[in-house]
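Have a look at the structure below before the remarks.
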Amino acid sequence: MQSKEHLYKLLVIGDLGVGKTSIIKRYVHQNFSPHYRATIGVDFALKVLSWDAETVVRLQLWDIAGQERFGNMTRVYYREAVGAFIVFDVTRPATFEAVTKWKEDLDSKLVLPNGKPVPTVLLANKCDQGIDVLMNNGIKMDQFCKENGFVGWFETSAKENININEASRCLVKHIIASE
Ligand code: GDP
Ligand code: MG
């Protein structure tokens, strides 16, 4: 019997149009729509994971509500989150440049009760597009993650369902380890 239960609030942040809503939809509802629809209002989605024989993990994923166009979020939105995904679009270099800005905004407004930053995983989304700004610019992602405090990174595609489950397991593993 699964007797342990965790409820984790996770943030999904990054520039407009990088695929945040699509990633959540793919992860939680197993679907994808090519039609662009900006998120209006704060949106939540719940994903329940059977973590191991004893443990159920409930992930409350917080999508952002169009405020991403301002490049930062309010403390209320970040409050009590225990993990985050920062997403960029591999076809748009400017969205990668914004990643460090998002990380700084997050770390300046939210720390864990033990004073540490919340575990954050970097998602290089739209990897199905065959355009990779990272490779073209010779950016070493492992090193970038180390220098900027990400616990890991994944090339993802909400469209083709690539690496989203893996990225989530990586984040949850770090959250559990930091408790
Ligand atoms: P958000 O503003 O960050 O929430 O981005 P959306 O989830 O609304 O996605 C913006 C656009 O990118 C939409 O037209 C999506 O269909 C498209 N998109 C999102 N993820 C992917 C992906 O992995 N691959 C491709 N090719 N398109 C994607
Ligand atoms: Mg959205």
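The values are calculated or read from the model by the stated rules, or taken from the named source; none is laboratory data. Note that the coordinates shown come from a computational prediction; the quantities given were computed from them, not determined experimentally. Using ideal geometry, Cβ is built from the backbone for each residue, glycine included, and neighbour counts are taken over all protein chains shown. The accessibility values were calculated without ligands, DNA or RNA, using every heavy atom of the protein model including side chains. Shrake-Rupley method; radii C 1.70, N 1.55, O 1.52, S 1.80 Å.
Assorted remarks:
- With contributions of -39500 (n - 2.57) from each DSSP H run of at least four residues, the per-residue ellipticity at 222 nm computed over the chain stands at -8500 deg cm²/dmol.
- Cα-Cα over 22 Å, subset of Lys116/Lys146; Lys4/Lys103; Lys20/Lys126; Lys146/Lys173; Lys103/Lys146; Lys25/Lys47: Lys4/Lys103
- Surface per residue (accessible, 1.4 Å probe) for the chain, Å²: 52 Å²
- The length gained by stretching the chain between Glu179 and Glu104 to full extension, at 0.36 nm per residue less their Cα-Cα distance, is 24.8 nm.
- Mean projected area (nm²) of the alpha-carbon convex hull when segment 82-179 is viewed from all directions: 6.1 nm²
- Extension gain, Glu54 to Lys4: 0.36 nm times the residue separation minus the Cα-Cα distance gives 17.4 nm.
- Take every Cα pair under 8 Å whose residues are at least 6 apart in sequence, average their separation, divide by the length of the chain, and the relative contact order is 24 percent.
- Approximating the spin labels as points 7 Å out from Cα along Cα→Cβ, the His29-to-Gln143 distance works out to 4.2 nm.
- Portion, in percent, of the accessible area of the chain that falls on carbon or sulfur, probe 1.4 Å: 52 percent
- Normalised alpha carbon radius of gyration of the chain [divisor 2.2 N^0.38 Å]: 0.98
- Every pair of different Cα atoms in segment 122-179 enters the Kirkwood calculation, which places the hydrodynamic radius at 12.4 Å.
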